[in-house]
Amino acid sequence: MADTLTITDNRTGKQYEVPITDGTIRALDLRKIKASAEDFGLMTYDPAFTNTASCRSAITYIDGDVGVLEYRGYPIEQLAEHSSYLEVAYLLMFGELPTADQLTQWKQGITQHTLLHENIKHLMRGFRYDAHPMGVFLSTVGALSTFYPDAKQVDDPEVRLRHIARLIAKTPSIAAYTYRHTTGRFYVYPDNDLSFTGNFLNMLFKMTEAKYAVNPVLERALEVLFILHADHEQNCGTNAMRSIGSSEVDPYSATAGAAAALYGPLHGGANEAVLKMLEQIGSKANVPAFIEGVKKGEGKLMGFGHRVYKSYDPRAKIVKQAAYDVFEVTGKNPQLDLALELERIALEDEYFVSRRLYPNVDFYSGLIYQALGFAPGMFTVLFAIPRTAGWVAQWDELHRDADQKIARPRQIYTGHRTRAYVPMEQRA
Ligand code: ACO
């Protein structure tokens, strides 16, 4: 049986055959289907890319129906159990788990870039005390492009790799400075003797003591959260990274754009929105009324639902477990019982069951972040740090892909056609 699709255009009676490759047809193959010689040719209409593959990628695999997530073929559960975030970043970038030597080299290559230029500090000080951390984070990441003008050489794989290392290394430093800024504390320089997450915790929470003692349970929990958030194929933020990157702009500008996409409450901003929602609900007794309100369209159940997952998000399962580990150290987050009750009721309710709405990664992560001492405004920044590893791996893959060009969708024009200019005095 041939891997082709035969299309009959009922406007003309003509038949066309287009090849099927990897379960897709090329949208451009439809262009030859024309109602008349002057016709532009058939296009597809797919707002929000619900059924359009924008690239070929070998980085992350998701089967949303059964809740499978793999980085380069390795199940997320195994990576979360055995790996470190930097090891996973290497895997995403180069396609294989590193040998011990490769990992040592990679870590050294990242660690040497954790410091920020002193002017970044001055720049960050310019933000208001109550500036949203995500606004500070994405602006500062974008500002890095002015410090590294050579990053514009996006065609050079070595230059790309240098700036990829910088981005992975500097995003925790920017995030920590952001946190210290919003809490009115002095900025803490990176300590490269510590692990990636240990150093991050040190930059966040060190006070006047000579040495901040990093709690190993919290260090590992953060490492697991970083692994879970590292990549998720062509989501809104990654699509922004690729789309912006396709103009051949430098990676700092593209990452700032990807972070802006992540900021939205329907995407990475959902972790912050979940906590606000739990605060608004207040107590278990109010859960049924809240659920009824959601069903009437009075708002969404934040942290529920996913474009791709139509079953339990595998990351949410691991986050839920990690939450219990963290609460052993920090004490239970009082909002946990409320979240569990919300999940229990929603998973039994026909509205959510029929729409296949399950908890996503953001449902429980905020409870951990809050237990670690963060205000909700910081939650999405904590997501953006590890997602940087995914963004840069996808951005690098984009630049290696001969099929890719500047991203430029088409439109169906619904406005007026050529009209005569109306002078001001004649306008209604
Ligand atoms: N609460 C209530 N109803 C919902 C929810 C929700 N969280 N999510 C989807 N629905 C409903 C929709 O209203 C729609 O109902 P309808 O068929 O009666 O119109 C149906 O389920 C299908 O939903 P869509 O909006 O078509 O799904 P889409 O794939 O476009 O959206 C999204 C996915 C944005 C994640 C959505 O589920 C949502 O807004 N969830 C809440 C925000 C959230 O948690 N975002 C984080 C996602 S994970 C991440 O980005 C890191």
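Give the range 311-320 a look and list any residue that's modelled with pLDDT of 95 or more and open to solvent by 10 Å² or more (accessible area, probe 1.4 Å), or say none.
ILE318
Considering each residue of the range 124-152, count those that are under 16 Å from TYR187 (Cα atoms) and either in contact with a Leu (Cβ under 8 Å, 6 or more places away or on another chain) or not in a loop (DSSP other than H, G, I, E, B) (or both), and give that number.
Within the range 124-152, residues that are under 16 Å from TYR187 (Cα atoms) and either in contact with a Leu (Cβ under 8 Å, 6 or more places away or on another chain) or not in a loop (DSSP other than H, G, I, E, B) (or both) number 6.
Just to verify a result, which residue in the range 304-343, among those that are farther than 23 Å from GLU223 by Cα and touching a Ser or Thr at 6+ places or on another chain (Cβ under 9 Å), is nearest to the ligand (Cβ to nearest atom)?
My answer is ARG307.
On the basis of being free of Cβ contacts under 8 Å to residues at least 24 places away in the same chain and of a type in the set (Gly, Ala, Ser), does SER365 make the cut? Spell out how you get there, then give the answer.
Working: free of Cβ contacts under 8 Å to residues at least 24 places away in the same chain: no; of a type in the set (Gly, Ala, Ser): yes.
Considered against the rule, which asks whether it is free of Cβ contacts under 8 Å to residues at least 24 places away in the same chain and of a type in the set (Gly, Ala, Ser), SER365 comes out as no.
Just one of the numbered conditions (1) open to solvent by 70 Å² or more (accessible area, probe 1.4 Å); (2) in contact (Cβ under 8 Å) with a residue 12 or more places away in the chain; (3) not aromatic (Phe, Trp, Tyr) is not true of THR182; which one?
(1)
Applying the selection to the range 241-274, what residues are open to solvent by less than 10 Å² (accessible area, probe 1.4 Å) and within 12 Å of the ligand (Cβ to nearest atom)?
Passing the criteria: LEU262, GLY268, GLY269, ALA270, ASN271, VAL274.
Give me the pairs: first residue in the range 320-339 and of a type in the set (Lys, Arg), second residue in a helix (DSSP H, G or I), beta-carbon distance under 7 Å, and six or more apart or on different chains, which are they?
Filtered contacts from the range 320-339: LYS320/TYR364.
Within the group ALA285, ALA346, which residue is near the ligand (Cβ under 9 Å from one of its atoms) and in a helix (DSSP H, G or I)?
ALA346
Looking at the range 187-211 only, could you name the residues that are farther than 20 Å from LEU86 by Cβ, crowded, with 17+ Cβ neighbours inside 10 Å and free of Cβ contacts under 8 Å to residues at least 40 places away in the same chain?
VAL188, LYS206 - these are the residues of the range 187-211 that are farther than 20 Å from LEU86 by Cβ, crowded, with 17+ Cβ neighbours inside 10 Å and free of Cβ contacts under 8 Å to residues at least 40 places away in the same chain.
Spot the failing condition for SER247; the list is (1) touching a residue at least 24 places away in the same chain (Cβ under 8 Å); (2) assigned to a helix (DSSP H, G or I), and only one is missed.
(2)
Return the residues of the range 371-419 that are open to solvent by less than 30 Å² (accessible area, probe 1.4 Å) and β-branched (Val, Ile, Thr); say none if nothing qualifies.
The answer is THR380, VAL381, ILE385, THR388, VAL392.
Within the range 218-240, is there a residue that is closer than 20 Å to SER84 by Cβ and open to solvent by 40 Å² or more (accessible area, probe 1.4 Å)?
In the first step, residues of the range 218-240 are kept if they are closer than 20 Å to SER84 by Cβ; the result is 218-232.
Still in the running and open to solvent by 40 Å² or more (accessible area, probe 1.4 Å): 219-220.
Yes; the residues of the range 218-240 include at least one that is closer than 20 Å to SER84 by Cβ and open to solvent by 40 Å² or more (accessible area, probe 1.4 Å).
The values are calculated or read from the model by the stated rules, or taken from the named source; none is laboratory data. Quick caveat, the model's predicted, so the values are computed rather than measured. No Cβ is skipped: glycine too gets one built from the backbone with ideal geometry, and neighbour counts run over all protein chains shown. In case anyone asks, the SASA skips ligands and DNA or RNA and just uses the protein heavy atoms, side chains included. Shrake-Rupley method; radii C 1.70, N 1.55, O 1.52, S 1.80 Å.
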